[in-house]
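The values are calculated or read from the model by the stated rules, or taken from the named source; none is laboratory data. It should be emphasised that the depicted structure is a prediction, and the values quoted were computed from it without experimental measurement. In this analysis, Cβ positions are derived from the backbone assuming ideal geometry, glycine residues included, and neighbour counts consider all displayed protein chains.
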Amino acid sequence: MLEQLSVLPPDPILGLAAACRADPNPDKIDLTVGVYMDEDGICPVFEAVKKAQAALVAEEVTKAYLPAAGDEAYLTGMKSLVFGDDLAGDGSRITAVQTPGGCGALRIASEVLAAASPDATVWVSNPTWPVHIPLMGSVGLKFATYSYYDPASHGVAFSGMVDDLKGAKAGDVVLLHGCCHNPSGADLTLEQWSVIADMAIAQGFTVLVDLAYQGMGQGLAEDVAGLRLLASRLGELIVAASCSKNLGLYRERTGVALFYGKDTQIAAATQSHGLGAARRVYSMPPAHGALVAGRVLSTPELRASWEAELSQICRRMILLRTQLSDKLSAKTDRDFSFIAKENGMFSFLGLSVEQAQGLRKDRGLYMLDSSRVNVAALNDRNMDIVVDAVASVL
Ligand code: LMR
């Protein structure tokens with residue numbers, strides 16, 4: 001039977017990272033996958049994570065399954081991290097399902113949305129993370145796109161977005177990036193979130209927020225100001241959150257699907273659908289990352305250490321953006337100041353596919369074909385090399 005299969009094209013992100021790993025060029029530079037790298041080119045383990053992990057290993061007496069919904073300390077910690085204590089309250093109106101990474105959270109959220117609204121169209125930004133459509137589409141949801149990034153102004157095409165979203169109906173789902181838009185780095189202002197809230201109330205659509213970068217843009221609270229505004233105004237919001245980046249737990253696959261509902265009865269029904277979906281897809285969530293995250297979030301000393309380290313990372317990424325923007329503007333006749341105005345790891349450099357591919361072939365500089373770069377992989381050693389290479393094709 002398997003001879004029926006033909007080889008699929010490589011993943012547009014992971015395929016390029018693999019190609020970079022396989023490239024024998026000693027001077028290659030990998031700006032593909034969204035992973036934070038420190039000045040030494042290492043994706044570091046947070047000090048608080050190391051301590052929580054050591055304590056867990058010392059105390060561990062069993063590898064029995066976690067409860068199907070996940071670890072209580074983790075779920076409580078994530079409800080309050082995302083929604084804040086005021087909105088989260090005693091947590092009873094929020095259904096939380098611990099998931100294998102942010103992808104698992106998107107999948108569980110999609111399954112629940114498909115059960116609640118089988119004919120839903122999911123509205124995704126143009127462009128969006130390339131996994132959104134295949135991932136959510138595997139549940140059977142349909143898609144439409146809304147304008148989001150304007151390559152000419154290097155910013156959010158907000159009037160186009162509003163025009164397109166006028167087509168979103170009651171029962172539809174609008175997928176927003178909570179912060180640090182992937183792939184563009186261009187985020188909505190709080191006023192723009194408020195306009196979307198007005199539209200959701202008037203048109204009756206539901207909002208799903210993909211929150212993969214909380215704390216990597218402007219700060220832990222700043223990065224969720226928009227989604228909190230939606231939750232408080234709409235009374236209903238779904239969030240797929242990931243701890244890959246902000247707790248550096250990438251390989252531990254630590255995420256959570258959060259359903260901010262109108263009351264505890266709705267929460268109970270939502271929970272049953274979330275757990276049913278989890279059982280169908282993977283049964284029980286992986287434990288390690290969530291136990292670590294739960295301990296960091298709930299232990300004051302570890303939490304303070306984590307927040308301080310995350311804030312340093314955030315400030316360093318902001319500095320890298322300013323440096324890249326200044327150096328590229330100085331070396332070329334283009335204005336790259338937009339890079340310093342964006343948030344998080346990603347930016348489009350505005351190169352053509354041919355230019356991006358040429359840099360890969362001729363200089364060993366790996367970025368996505370769309371010219372999305374991971375700014376968080378730059379450092380003092382590779383910054384000027386990247387700037388020279390990009391300037392050479394402009
Ligand atoms: C990215 O966009 O590079 C990250 O979200 C990693 C991934 O899984 O694609």
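All of Asp163, Asp119, Asp150 fail the test of being of a type in the set (Asp, Glu), farther than 14 Å from Leu208 by Cα and surrounded by 15 or more Cβ atoms within 10 Å (Cβ to Cβ), apart from Asp150. Taking Asp172 as the residue in question, decide whether it is without any contact (Cβ under 8 Å) to a residue 24 or more places away in the chain and either more than 27 Å from Leu368 (Cβ to Cβ) or more than 16 Å from the ligand (Cβ to nearest atom) (or both). For Asp172, the condition - without any contact (Cβ under 8 Å) to a residue 24 or more places away in the chain and either more than 27 Å from Leu368 (Cβ to Cβ) or more than 16 Å from the ligand (Cβ to nearest atom) (or both) - is not met. For the condition more than 19 Å from the chain's Cα centre (by Cα) and under 21 Å from Ala241 (Cβ atoms), Gly276 qualifies.
Residue by residue, here is whether (1) buried (at least 16 other Cβ atoms within 10 Å of the Cβ); (2) of a type in the set (Asp, Glu) holds:
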site	(1), (2)
Gln53	yes, no
Leu56	no, no
Val61	no, no
Ala69	yes, no
Thr76	yes, no
Asp85	no, yes
Leu106	yes, no
His132	yes, no
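The set of residues in the stretch 199-226 that are within 21 Å of Ser117 (Cβ to Cβ) and more than 16 Å from the ligand (Cβ to nearest atom) comprises Met199, Ala200, Ile201, Ala202, Gln203, Gly204, Phe205, Thr206, Val207, Leu208.
For beta carbons closer than 7 Å, sequence separation of 6+ or different chains, a first residue in the stretch 195-218 that is over 15 Å from Tyr146 (Cβ atoms) and a second that is within 15 Å of the ligand (Cβ to nearest atom) and of a type in the set (Lys, Arg), the qualifying pairs are Ala212/Lys245; Tyr213/Lys245; Met216/Lys245. Screening Ala269 against (1) away from the ligand (no atom under 16 Å from the Cβ); (2) under 23 Å from the mean Cα position of the chain (by Cα); (3) assigned by TED's automatic domain parsing to the domain that holds Arg107 leaves a single unmet condition, (2).
Filtering the stretch 27-72 to residues that are within 22 Å of the chain's Cα centre (by Cα), away from the ligand (no atom under 16 Å from the Cβ) and among the aliphatic types (A, V, I, L, M) leaves Ile42, Val45, Ala48, Val49, Ala69. Looking across the stretch 118-150, the residues that are farther than 30 Å from Leu349 by Cβ and either charged (D, E, K, R) or in a strand (DSSP E or B) (or both) come down to Asp119, Thr121, Lys142.
When you scan the stretch 114-128, how many residues do you find that are more than 21 Å from His181 (Cβ to Cβ) and of a type outside the set (Ser, Thr, Tyr)? Within the stretch 114-128, residues that are more than 21 Å from His181 (Cβ to Cβ) and of a type outside the set (Ser, Thr, Tyr) number 6.
Let's see how each residue does on (1) assigned by TED's automatic domain parsing to the domain that holds Gly217; (2) under 16 Å from Ile29 (Cβ atoms); (3) touching a residue at least 40 places away in the same chain (Cβ under 8 Å); (4) out of contact with any Cys (no Cβ under 9 Å at 6 or more places or on another chain):
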| residue | (1), (2), (3), (4) |
| --- | --- |
| Leu324 | no, yes, yes, yes |
| Lys331 | no, no, yes, yes |
| Lys341 | no, no, yes, yes |
| Ser347 | no, yes, yes, yes |
| Gln355 | no, yes, no, yes |
| Gly358 | no, yes, no, yes |
| Asp362 | no, yes, no, yes |
| Ser371 | no, yes, no, yes |
| Val375 | no, yes, yes, yes |
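If you go through the stretch 38-51 and keep only what is farther than 15 Å from Leu310 by Cα and surrounded by 15 or more Cβ atoms within 10 Å (Cβ to Cβ), you end up with just Lys51. Considering the stretch 1-37, the residues that are charged (D, E, K, R) and exposed (fewer than 13 other Cβ atoms within 10 Å of the Cβ) include one that is nearest to His132 (Cα to Cα), namely Arg21. Annotation note: Cβ proximity below 7 Å between a residue of the stretch 14-40 that is more than 23 Å from Ser184 (Cα to Cα) and assigned to a loop (DSSP other than H, G, I, E, B) and a residue that is hydroxyl-bearing (Ser, Thr, Tyr) and within 16 Å of the ligand (Cβ to nearest atom) (sequence gap 6+ or interchain) occurs for Lys28/Tyr366.
In this structure, Ala115 qualifies as in a helix (DSSP H, G or I), more than 21 Å from the chain's Cα centre (by Cα) and of a type outside the set (S, T, N, Q).
Yes/no per residue for (1) within 16 Å of the ligand (Cβ to nearest atom); (2) crowded, with 22+ Cβ neighbours inside 10 Å; (3) within 21 Å of the chain's Cα centre (by Cα); (4) not charged (D, E, K, R):
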site: Arg315; (1), (2), (3), (4): no, no, yes, no
site: Ser329; (1), (2), (3), (4): no, no, no, yes
site: Met345; (1), (2), (3), (4): yes, yes, yes, yes
site: Phe348; (1), (2), (3), (4): yes, yes, yes, yes
site: Val353; (1), (2), (3), (4): no, no, no, yes
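Looking only at residues in the stretch 355-364 that are in contact with an Asp or Glu (Cβ under 9 Å, 6 or more places away or on another chain) and among the basic types (Lys, Arg), the one that is farthest from the ligand (Cβ to nearest atom) is Arg363. Assessment of the stretch 238-253 against the conditions (under 16 Å from Leu66 (Cα atoms), out of contact with any Lys or Arg (no Cβ under 7 Å at 6 or more places or on another chain) and either surrounded by 15 or more Cβ atoms within 10 Å (Cβ to Cβ) or without any contact (Cβ under 8 Å) to a residue 60 or more places away in the chain (or both)) yields at least one matching residue.
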